[in-house]
């Protein structure tokens with residue numbers, strides 16, 4: 001399904017409402033499914049976006065792993081998990097959330 005996504009965290013810290021209003025938005029087809037690649041030793045439930053043509057573009061927005069739906073409203077849903085960022089060649093896990101809304105506007109409630 002096509003969603004507009006706003007990441008709710010920066011390096012594991014929750015964004016304020018003001019920061020959310022100015023945050024970059026991503027659009028694409030939201031998928032939530034087992035992610036069987038990587039070094040976790042087990043499948044991870046992952047949320048990720050495919051672009052409008054249906055391709056997965058890893059550099060658009062990082063997937064979030066061990067994702068859980070923590071809030072559903074009439075205007076969208078809040079997903080939370082963790083993302084993996086590379087810093088100085090070291091993989092770091094950060095808490096990450098996505099405010100996901102059908103359509104163009106993705107401001108949280």
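The values are calculated or read from the model by the stated rules, or taken from the named source; none is laboratory data. None of these values were measured; they are calculated from a predicted model. We place every Cβ from the backbone using ideal geometry, glycine too, and count neighbours over all the protein chains shown.
Details
- Pairs, first under 16 Å from residue 32 (Cα atoms) in segment 1-19, second surrounded by fewer than 12 Cβ atoms within 10 Å (Cβ to Cβ) and at pLDDT below 95, C-beta under 7 Å, six or more apart: 4/103; 4/104; 4/105
- Residue 27 touching a strand residue (DSSP E or B) at 6+ places or on another chain (Cβ under 9 Å) and either surrounded by fewer than 12 Cβ atoms within 10 Å (Cβ to Cβ) or assigned to a strand (DSSP E or B) (or both): yes
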